[in-house]
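The values are calculated or read from the model by the stated rules, or taken from the named source; none is laboratory data. Note that this is a predicted model, so its numbers are computed, not measured. Note that we place each Cβ from the backbone using ideal geometry, even for glycine, and neighbour counts take in every protein chain shown. Areas reflect the complete protein model, heavy atoms only, side chains present, ligands, DNA and RNA absent. Shrake-Rupley method; radii C 1.70, N 1.55, O 1.52, S 1.80 Å.
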Amino acid sequence: MISPINEHTVPWPADVAKRYVADGYWAGIAIGTELRTVAERAPDAPALIDPTADFRLSRQELADRADAAAVRLLDLGLTAGDRIVVQLPNGWEFVVLTMACLRVGIVPVMALPAHRRIELSYLVEHAEAVAIAVPDRLRDFDHEALGHELAPIAEPVTGGKWHVMVAGENVGPKSVNLRSLCAPSGDAEADRVRIDALEPSAQDVAVFLLSGGTTGLPKLIARTHDDYLYNARVSAEVSAIAADTVYLVSLPAGHNFPLACPGILGTLLTGGRVVMLPSAGPERAFATVAAEGVTHTSVVPAVAGRWLEHASERGAHELASLRVLQVGGARLADEIARRVEPELGPRLQQVFGMAEGLLNYTRLDDPIDVICSTQGRPVSPADEVRLVDDEGNDVPIGSPGSLLTRGPYTPRGYYRAPEQNERAFTADGWYRSGDICEQTSDGYLTVLGRDKDMINRGGEKISAEEVENLTYRLPTVSHAAAVAMPDAELGERVCLYVVPKPGAEVTLDEIRASMEQFGVARFKLPERLMIVEELAVTNVGKVDKKALRAHIASQLEEERGV
Ligand code: OOB
């Protein structure tokens with residue numbers, strides 16, 4: 001049977017938890033309850049806009065739909081602690097379903113629309129999910145069909161429970177129609193009373209986020225109501241979210257950044273309104289900013305670059321209402337940072353965050369040099385940050401070190417991953433982020449690089465190990481190593497080094513086609529193949545990734561004629 005979540009989470013030590021409560025970081029309230037309370041304060045205020053579906057909800061309508069959806073989830077047989085893999089594009093259904101879950105302690109597992117069979121089957125199995133929420137089709141991919149193909153993976157672990165919830169026009173008879181599930185019921189008051197009685201405990205898991213990928217398979221990060229409510233609220237404060245905020249979501253909503261930094265939750269909890277767009281293309285995004293009077297939004301550096309390019313051709317007049325442009329998820333080059341305010345108009349806020357917790361923000365009133373050349377400082381006075389050398393000793397101010405952190409919204413371990421936790425956390429609970437940073441005497445961090453085996457492709461994190469494991473499934477491959485190659489547009493892309501089996505031929509097209517066939521998110525597919533006779537190794541016999549990165553970087557420079 002499905003194991004209770006709490007068996008596999010790593011709680012904060014009791015004395016630390018007590019301190020977070022005493023110091024007011026943890027409010028002891030479930031996020032869903034808070035969202036309901038905010039709705040009561042100004043029921044008619046606009047809360048949610050989905051321009052693609054031409055759909056708008058007031059705070060009251062949103063809260064009532066969330067309660068109606070929660071009732072229907074319960075009637076389907078789901079209960080508090082059950083997990084739903086949420087793989088929805090940015091649309092109103094994502095928000096209603098997430099709120100419904102937060103009201104009753106059903107836990108959404110935040111997958112990405114790009115995920116395919118490999119990622120989803122792992123998530124379903126590892127989280128012991130009883131349901132998946134998907135679009136019918138997206139970019140020619142039949143998500144509903146894949147949802148049903150996952151039944152044989154789910155059912156043995158869930159005792160036969162498996163629901164495929166589909167948001168779309170033509171929902172098949174075996175699926176649950178998600179739009180009907182999220183429709184208003186005839187009796188909002190009765191729903192509310194029933195749901196109010198089921199308020200989860202603030203120490204319960206609110207959502208599962210996916211880790212940025214350093215191991216063969218993604219890890220799940222259990223964020224509690226206490227920790228995630230604080231995460232969203234303190235972020236809202238530092239980004240000046242208010243009741244007149246109009247926040248545009250164009251990054252995949254399941255990412256921590258657009259979800260709660262301050263994102264959807266920070267905005268709704270402050271009484272602002274959220275606009276959901278399925279992608280960040282400048283044409284549509286600019287028009288939406290103008291049409292809806294968007295004041296805040298968050299993007300990755302690659303998108304900021306595209307927006308700057310668009311503005312240089314077509315002007316930035318459509319962005320007149322935009323006050324804050326948050327940029328994070330990957331390193332923003334100082335030169336690009338400096339162009340944001342003069343060319344786009346809004347104040348730039350750099351965000352250096354992680355699904356594991358710690359969030360650093362530049363402050364809106366920081367000097368422009370700090371805003372453009374640092375990735376901010378920790379958002380909470382209770383955040384603990386250390387930069388250490390290879391031996392684990394603290395480095396002096398201004399010297400590079402590997403970032404370790406603890407704090408009131410940084411959990412002490414991954415879900416159900418004792419082995420990974422040994423490596424990713426120190427014995428006294430510090431999370432090793434794997435980022436090499438430098439810190440100023442007033443606490444501002446600059447990200448210099450990383451000592452984790454990950455490729456950051458325009459903000460999407462790709463585990464080198466995962467790409468390598470997929471490569472080894474090909475019968476023609478003897479050895480493989482995936483590394484980041486520099487890229488002007490996305491920052492980094494995946495470059496794959498391969499030693500073929502004797503006499504075998506390996507091509508990039510073939511590798512990509514095989515990986516797509518295995519069923520993996522497209523953004524993980526290698527974009528460059530280097531065939532070599534052997535892989536460079538370090539003196540301890542490990543593949544020398546540093547040498548490979550340097551090799552491909554110089555190769556690219558040569559090709560560009562630099
Ligand atoms: C965000 O979260 P994740 O979990 O997808 O990725 C975390 C990693 C960090 O450890 C770091 O390596 C990188 O992404 N990163 C940055 C960065 N922001 C994230 N590297 C350089 N500069 C930045 N500004 O990416 C995330 C979560 C919440 C808010 C914002 C980003």
Checklist entry - Do any helices (runs of 4 or more DSSP H) lying entirely in region 200-296 carry at least 2 residues that are among the β-branched types (Val, Ile, Thr) and closer than 17 Å to SER380 by Cα, and which ones are they? => result 225-238
Next on the checklist: Take ILE153 and tell me if it is β-branched (Val, Ile, Thr), in a helix (DSSP H, G or I), open to solvent by 10 Å² or more (accessible area, probe 1.4 Å) and in contact with an Asp or Glu (Cβ under 6 Å, 6 or more places away or on another chain).
Outcome noted: yes
Checklist entry - When you scan region 283-300, how many residues do you find that are open to solvent by less than 20 Å² (accessible area, probe 1.4 Å) and over 19 Å from LEU364 (Cβ atoms)? => result 4
Checklist entry - Filter region 352-373 for residues that are near the ligand (Cβ under 10 Å from one of its atoms) and open to solvent by 10 Å² or more (accessible area, probe 1.4 Å); which is nearest to LEU325 (Cα to Cα)? => result PHE352
Checklist outcome for this item: Per the filter on region 329-351, residues closer than 25 Å to GLY212 by Cα, open to solvent by less than 20 Å² (accessible area, probe 1.4 Å) and among the aliphatic types (A, V, I, L, M) are LEU332, ALA337, LEU348, VAL351
Checklist entry - Going through region 73-131 one residue at a time, which ones are charged (D, E, K, R) and touching a residue at least 60 places away in the same chain (Cβ under 8 Å)? => result ASP82, ARG83, GLU93, ARG103, ARG116, ARG117, GLU119, GLU128
Item to check | Residue that is surrounded by the fewest Cβ atoms within 10 Å (Cβ to Cβ), among those in region 522-543 that are in contact (Cβ under 8 Å) with a residue 60 or more places away in the chain and not β-branched (Val, Ile, Thr) | outcome: ARG522
Checklist entry - within 30 Å of LEU525 (Cα to Cα) and either without any contact (Cβ under 8 Å) to a residue 12 or more places away in the chain or open to solvent by less than 40 Å² (accessible area, probe 1.4 Å) (or both), is that true of SER175? => result no
Checklist outcome for this item: The condition from (1) in contact with a Leu (Cβ under 6 Å, 6 or more places away or on another chain); (2) away from the ligand (no atom under 14 Å from the Cβ); (3) in a helix (DSSP H, G or I) that GLU313 misses is numbered (1)
Item to check | Exclusive hit being surrounded by 18 or more Cβ atoms within 10 Å (Cβ to Cβ) and within 12 Å of the ligand (Cβ to nearest atom), set SER433, SER380 | outcome: SER433
Item to check | First in region 485-504 and within 18 Å of VAL537 (Cα to Cα), second anywhere and hydroxyl-bearing (Ser, Thr, Tyr) and crowded, with 17+ Cβ neighbours inside 10 Å, Cβ under 7 Å, 6 or more apart | outcome: LEU496/THR471; VAL498/THR471
Checklist entry - For region 1-95, which helices (runs of 4 or more DSSP H) that fit wholly inside it have 1 or more residues that are among the polar types (S, T, N, Q)? => result 31-41, 59-75
Checklist entry - Somewhere in region 387-400, is a residue within 15 Å of the ligand (Cβ to nearest atom), more than 15 Å from ASP435 (Cβ to Cβ) and not charged (D, E, K, R)? => result no
Checklist entry - Does region 445-457 contain any residue that is hydroxyl-bearing (Ser, Thr, Tyr), within 16 Å of the ligand (Cβ to nearest atom), under 20 Å from the mean Cα position of the chain (by Cα) and open to solvent by less than 40 Å² (accessible area, probe 1.4 Å)? => result no
Checklist entry - Taking LEU358, is it part of a strand (DSSP E or B), closer than 23 Å to ILE436 by Cβ and within 20 Å of the chain's Cα centre (by Cα)? => result yes
Next on the checklist: Among the residues of region 218-235, are any within 13 Å of the ligand (Cβ to nearest atom), more than 24 Å from ASP453 (Cα to Cα) and open to solvent by 10 Å² or more (accessible area, probe 1.4 Å)?
Outcome noted: yes
Next on the checklist: Can you find a residue that is open to solvent by 20 Å² or more (accessible area, probe 1.4 Å), away from the ligand (no atom under 16 Å from the Cβ), at pLDDT 95 or above and in a strand (DSSP E or B) anywhere in region 473-480?
Outcome noted: yes
Checklist entry - Residues VAL238, VAL249: which one is surrounded by fewer than 24 Cβ atoms within 10 Å (Cβ to Cβ) and within 14 Å of the ligand (Cβ to nearest atom)? => result VAL238
Item to check | Single condition ALA464 does not satisfy, out of (1) within 16 Å of the ligand (Cβ to nearest atom); (2) open to solvent by 20 Å² or more (accessible area, probe 1.4 Å); (3) under 30 Å from GLU489 (Cβ atoms) | outcome: (2)
Next on the checklist: Just to be sure I understand the filter: pairs with C-beta atoms under 7 Å, separated by 6 or more residues or on different chains, first member in region 453-467 and in a loop (DSSP other than H, G, I, E, B), second member aliphatic (A, V, I, L, M) and open to solvent by less than 40 Å² (accessible area, probe 1.4 Å). Which pairs pass?
Outcome noted: ASP453/ALA464; GLY458/VAL300; GLY458/ALA302; GLY458/ALA330; GLY458/LEU490; GLY459/VAL300; GLY459/ALA302; GLY459/ALA330
Item to check | Condition met for ILE511 (part of a helix (DSSP H, G or I) and either out of contact with any strand residue (DSSP E or B) (no Cβ under 9 Å at 6 or more places or on another chain) or free of Cβ contacts under 8 Å to residues at least 60 places away in the same chain (or both)) | outcome: yes
Checklist outcome for this item: So, first residue more than 17 Å from ARG457 (Cβ to Cβ) in region 326-353, second residue open to solvent by 50 Å² or more (accessible area, probe 1.4 Å) and more than 16 Å from the ligand (Cβ to nearest atom), Cβ within less than 6 Å, six or more apart or across chains; the pairs are PRO346/ARG323
Checklist entry - Conditions: (1) of a type outside the set (Ser, Thr, Tyr); (2) open to solvent by 10 Å² or more (accessible area, probe 1.4 Å); (3) within 29 Å of GLU34 (Cβ to Cβ); (4) within 16 Å of the chain's Cα centre (by Cα). VAL85 meets all but one. Number of the miss? => result (2)
Checklist outcome for this item: Out of (1) over 25 Å from LEU445 (Cβ atoms); (2) part of a strand (DSSP E or B), the one LEU348 does not meet is (1)
Next on the checklist: I'm told PRO408 meets every condition in (1) surrounded by fewer than 21 Cβ atoms within 10 Å (Cβ to Cβ); (2) farther than 20 Å from ALA553 by Cα except one. Can you identify the failing condition by its number?
Outcome noted: (1)
